[in-house]
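*Asks:* Handing you a structure now.
The values are calculated or read from the model by the stated rules, or taken from the named source; none is laboratory data. Computed from a predicted structure; not experimentally measured. As a convention, Cβ positions derive from the backbone with ideal geometry for all residues, glycine included, and neighbour counts pool all protein chains shown. Surface areas here come from the heavy atoms of the whole protein model, side chains and all, with no ligands, DNA or RNA. Shrake-Rupley method; radii C 1.70, N 1.55, O 1.52, S 1.80 Å.
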Amino acid sequence: QQQVKQSPQSLIVQKGGISIINCAYENTAFDYFPWYQQFPGKGPALLIAIRPDVSEKKEGRFTISFNKSAKQFSLHIMDSQPGDSATYFCAASIRGSSNTGKLIFGQGTTLQVKP
Amino acid sequence: GAGVSQTPSNKVTEKGKYVELRCDPISGHTALYWYRQSLGQGPEFLIYFQGTGAADDSGLPNDRFFAVRPEGSVSTLKIQRTERGDSAVYLCASSFQVNTEAFFGQGTRLTVV
């Protein structure tokens, strides 16, 4: 129940295209869903995050779509650029005063954007 | 820099040896987390500190792993009798308070030979 399943494992997109990465979870107690971007040799960096009370959140070229009933959420990268080439992780956690905020990560998606 | 700092960046050790990995969180951050990232996988939670105390150590794989944060700032992850399966990148993250954005360090790549 603590798992977060992420797909695809790898993704190749042409410059200017849309990159879509999907995640699914089981634990309905999760109430915070961030996406992290990781470059080789670096730690993950927060990209964008959503709470389950909204169905979509957009920040620049990055959009999270959230489907509470299906227990799924996805990251859309519009106008993908070669600089977006990285590994992307979805995650989930349970926030609240009695919780630790520990993140449960998906398995990761390696995105390559071809020029 | 003002980010989370982890030392060393790389550590190669022989099977059976003891290692210590250090994390310097962002100044003023009370929450500190350790994660382990195996090759091609997402990070896995190990332990969470709120201040000096380990509030959640449910992710530590066995009693060879131990972590401390004696003054509520720097933390050390200690691994005894290392095994080849311990080889991974160990990530530290800190946040201003629990349930606020967590900032990750660059990690320590541990290789047990």
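*Asks:* Pairs on different chains or at least eight residues apart, Cα atoms closer than 16 Å: how many lysine pairs in chain A fit?
*Replies:* Lysine pairs, 8 or more places apart or on different chains, close enough: 4.
*Asks:* Heavy atoms only, probe 1.4 Å: what % of the accessible area of chain A goes to carbon and sulfur, would you let me know?
*Replies:* Solvent-exposed carbon and sulfur of chain A make up 49 percent of the total.
*Asks:* Carbon and sulfur atoms: what percent of the 1.4 Å accessible area of chain B do they account for?
*Replies:* In chain B, the share of accessible area belonging to carbon and sulfur is 48 percent.
*Asks:* Here's something else I'd like to know. For chain B, what is the accessible area per residue in Å², given a 1.4 Å probe and the full set of protein chains?
*Replies:* 47
*Asks:* Average partner chain C-beta neighbours within 10 Å, per residue of B:81-87?
*Replies:* 0
*Asks:* Loop only per DSSP, at most 15 neighbouring Cβ atoms within 10 Å: give me the chymotrypsin sites (Phe, Trp or Tyr not before Pro) in the range B:1-55, ordered by residue number.
*Replies:* B:18
*Asks:* Residue B:20: accessible area at probe 1.4 Å, nearest 10 Å²?
*Replies:* 90
*Asks:* Something else now. Please list A:94, A:12 in order of solvent-accessible area, largest first, computed with a 1.4 Å probe with all protein chains present.
*Replies:* A:12, A:94
*Asks:* Which value, in debye to the nearest 20, gives the size of the charge dipole of the protein assembly as shown about its Cα centre, when Lys and Arg are +1 and Asp and Glu are -1 at the Cβ?
*Replies:* Value, rounded to 20: 420 debye.
*Asks:* Now a separate question. Just for chain B, what percent of DSSP beta bridges are antiparallel, to the closest 5?
*Replies:* Of those bridges, close to 90 percent are antiparallel.
*Asks:* Would you work out which of B:96, B:111, B:61 lies farthest towards the positive end of the dipole of the protein assembly as shown? Charges go on Cβ: Lys and Arg +1, Asp and Glu -1.
*Replies:* Towards the positive end, the residue furthest out is B:111.
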